[in-house]
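A.B. asks: One structure coming up, written as structure tokens, with questions to follow.
The values are calculated or read from the model by the stated rules, or taken from the named source; none is laboratory data. This one's a predicted model, so the numbers in the text were calculated from it and none came from an experiment. Methodologically, a virtual Cβ is constructed for each residue, glycine included, from the backbone with ideal geometry; neighbour enumeration extends over all protein chains shown.
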Amino acid sequence: MENKNKWIFLPIFITFLTSFFLWVIFSLQIDKSILPTLLKSNNVSVKTNNSDLDLTKFINTYNLIKSEYFDENTIDNEKLLESSISWLIDWLWDKHSVYFDSVENKQFNESLSWDFEGIWAVVEKHALWVHIDRIIKWSPAKKYDLRSWDILIKANWITLEWLNLIDAVNHIKWKAWTEVELEVLRVWENNIIIKNVIREKIKIPSVDTENITDEIGYISINMFWEDTSREFKNSLTKFENKDGIIIDLRDNWGGFLLSAVEILSELVENNEILVVTKYKDIKTNDIYKSSNNWNIYKWKIVVLINESSASASEITAWTLREYNKAIIVWKKSYWKWSVQKPFELNDWSMIKLTVAKWFTPNWINIDKEWITPDIEVWFIPEDFENKFDRQKEEAKEILLQYIDKKALKLTIDTYNNKTENE
């Protein structure tokens, strides 16, 4: 009976493993040194080691099915193989290591160009339907107030129940400027919510800035791209006469590790460790250090993060915290401190495998954990209705207190004590 129940959940596991192209480049969180493998074939030659894993049992089982199974004509050899590989990857218990069949791999590579249209949200398989895992900044999903963990029940009156992820996504995404009506189940709401979302094809700026007051500047880093560090440095120059800056990393899924290192080099003293990348082969480990001409930004910093701040964003926030360079505000981060590398197989399928982990300057790895903010600031329902950015407004007040008190821990304790007594 136990084995029977185990197989009942096979379709759920398989559909979960097909969370493919919507992870796009943010969930890949790649080092520049790995990028070339994304853009060309990387066919893998696998060496078998019989002393390590004897495949005789697997082969005998397959032969037994082929020779004895009554409904032999219903067996799809290709799907049998695909499912076996998916299960193998699944048992790594690492959601960032995934298997893409040839069709999924093609769609994934197309997504790397960011040349796609839709609501711009990461969707994953739910037990019955699909749910939103992460929202992209500037996206239609953000604009129309879809949120992480929203369960999508229907798209244009078509039920998503029991559909695999590919089919469900195909009902949600379509050409830009078309409308999709989504029926949404939100855990803390009593009724089904209807969202009419206009799909878009958008271009997300790497860095945004805002002159908030004479004392405060605001820099939103939307992704860690090749030019992001240069744009960030220009923004710092613009705000060099300010007393402090807010760095907004909300909904930033990461990008290039070297971009984060270059940005941190503008904020952390020369030659200090910023991040360590550890591989299985310790000889290939990398230690990234701050590299600057000693002319670093030394004023007060508040960093905004949320549940969609991942990877390079988390590295940036945590490193600034370890060097007492910033106060971290709002919400727990996404927790992704690992590096994936793609391996294309000979049939154009691909395995995206975790090959390294990132560690903080103090050699801490927070993979499968979150960065907990120093100060939590929560939205209230009216904020969504009024499109009021409570976190940003509170970050201004916190930064002004930080500038006034000139002490990071005192500012945090004073703010938290005040809110506890209100």
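A.B. asks: Which one of these is in contact with a Ser or Thr (Cβ under 7 Å, 6 or more places away or on another chain) and surrounded by fewer than 19 Cβ atoms within 10 Å (Cβ to Cβ): ASP367, ASP389, ASP404?
C.D. replies: Going through ASP367, ASP389, ASP404 in turn, just one is in contact with a Ser or Thr (Cβ under 7 Å, 6 or more places away or on another chain) and surrounded by fewer than 19 Cβ atoms within 10 Å (Cβ to Cβ): ASP367.
A.B. asks: Shifting gears a bit: Identify the residue in region 299-319 that is hydroxyl-bearing (Ser, Thr, Tyr) and not in a loop (DSSP other than H, G, I, E, B) and, among all such residues, is farthest from the chain's Cα centre (by Cα).
C.D. replies: Per the stated criteria, the residue is THR319.
A.B. asks: Moving on to the next point. Does SER265 fit the bill of being in contact with a strand residue (DSSP E or B) (Cβ under 9 Å, 6 or more places away or on another chain) and either in the same structural domain as SER333 (by TED's automatic domain parsing) or under 21 Å from THR360 (Cα atoms) (or both)?
C.D. replies: yes
A.B. asks: Could I ask something else about it? Determine which member of the set SER333, SER349, SER338 is over 30 Å from LEU146 (Cα atoms), of a type in the set (Gly, Ala, Ser), at pLDDT below 95 and in contact with a strand residue (DSSP E or B) (Cβ under 8 Å, 6 or more places away or on another chain).
C.D. replies: Matching residue, one of SER333, SER349, SER338: SER349.
A.B. asks: Could you grab me the full set of residues in region 146-197 that are among the aromatic types (Phe, Trp, Tyr) and touching a residue at least 24 places away in the same chain (Cβ under 8 Å)?
C.D. replies: TRP149, TRP157, TRP162, TRP174
A.B. asks: Kindly provide the set of residues from region 280-289 that are under 14 Å from LEU257 (Cβ atoms) and either of a type in the set (Gly, Ala, Ser) or not in a loop (DSSP other than H, G, I, E, B) (or both), ordered by number.
C.D. replies: Within region 280-289, ASP286, ILE287, TYR288, LYS289 qualify.
A.B. asks: Assuming VAL276 fulfils every condition listed in (1) modelled with pLDDT of 95 or more; (2) touching a Lys or Arg at 6+ places or on another chain (Cβ under 8 Å) apart from one, which condition is it?
C.D. replies: With respect to (1) modelled with pLDDT of 95 or more; (2) touching a Lys or Arg at 6+ places or on another chain (Cβ under 8 Å), VAL276 is out only on (2).
A.B. asks: Are any residues in region 245-285 more than 23 Å from LYS298 (Cβ to Cβ), without any contact (Cβ under 8 Å) to a residue 24 or more places away in the chain and not hydroxyl-bearing (Ser, Thr, Tyr), and if so, which ones?
C.D. replies: ASP281, ILE282, LYS283, ASN285
A.B. asks: Applying the selection to region 187-211, what residues are closer than 23 Å to ILE151 by Cα, exposed (fewer than 13 other Cβ atoms within 10 Å of the Cβ) and not β-branched (Val, Ile, Thr)?
C.D. replies: TRP188, GLU189, ASN190, ASN191, ASN196
A.B. asks: Still on this structure: Kindly check whether there is at least one residue in region 202-214 that is within 27 Å of ALA312 (Cβ to Cβ), touching an Asp or Glu at 6+ places or on another chain (Cβ under 7 Å), in the same structural domain as ILE403 (by TED's automatic domain parsing) and touching a residue at least 60 places away in the same chain (Cβ under 8 Å).
C.D. replies: no
A.B. asks: If you don't mind, another one. From the list SER33, SER51, which one is modelled with pLDDT under 50 and polar (S, T, N, Q)?
C.D. replies: SER33
A.B. asks: Here's a check for you: in region 89-103, which residue that is part of a helix (DSSP H, G or I) and of a type in the set (Val, Ile, Thr) is farthest from the chain's Cα centre (by Cα)?
C.D. replies: VAL103
A.B. asks: Let me ask something else. Just wondering, is there one or more residues in region 317-338 that are touching a residue at least 24 places away in the same chain (Cβ under 8 Å), farther than 30 Å from ASP243 by Cβ, touching a helix residue (DSSP H, G or I) at 6+ places or on another chain (Cβ under 9 Å) and among the basic types (Lys, Arg)?
C.D. replies: yes
A.B. asks: Kindly indicate the residue of region 197-244 that is among the aromatic types (Phe, Trp, Tyr) and farther than 28 Å from ILE119 by Cβ and also farthest from the chain's Cα centre (by Cα) among those meeting that condition.
C.D. replies: Selected residue: PHE239.
A.B. asks: Can you list the helices (runs of 4 or more DSSP H) lying wholly within region 352-422 that have 1 or more residues being assigned by TED's automatic domain parsing to the domain that holds GLU215, farther than 26 Å from ASP214 by Cα and not aromatic (Phe, Trp, Tyr)?
C.D. replies: The helices (runs of 4 or more DSSP H) meeting that bar are 381-386, 408-421.
A.B. asks: Give the residue that is surrounded by the most Cβ atoms within 10 Å (Cβ to Cβ), with candidates limited to residues of region 218-269 that are of a type outside the set (A, V, I, L, M, F, W, C) and in contact with a Leu (Cβ under 7 Å, 6 or more places away or on another chain).
C.D. replies: It comes out as ASP248.
A.B. asks: Here's a follow-up. Need pairs with beta-carbon distance below 6 Å; first residue in contact (Cβ under 8 Å) with a residue 12 or more places away in the chain and within region 382-393, second in a loop (DSSP other than H, G, I, E, B); sequence gap 6+ or separate chains.
C.D. replies: Final answer for the pair search is PHE384/ASP145; ARG390/PHE379; GLN391/VAL377.
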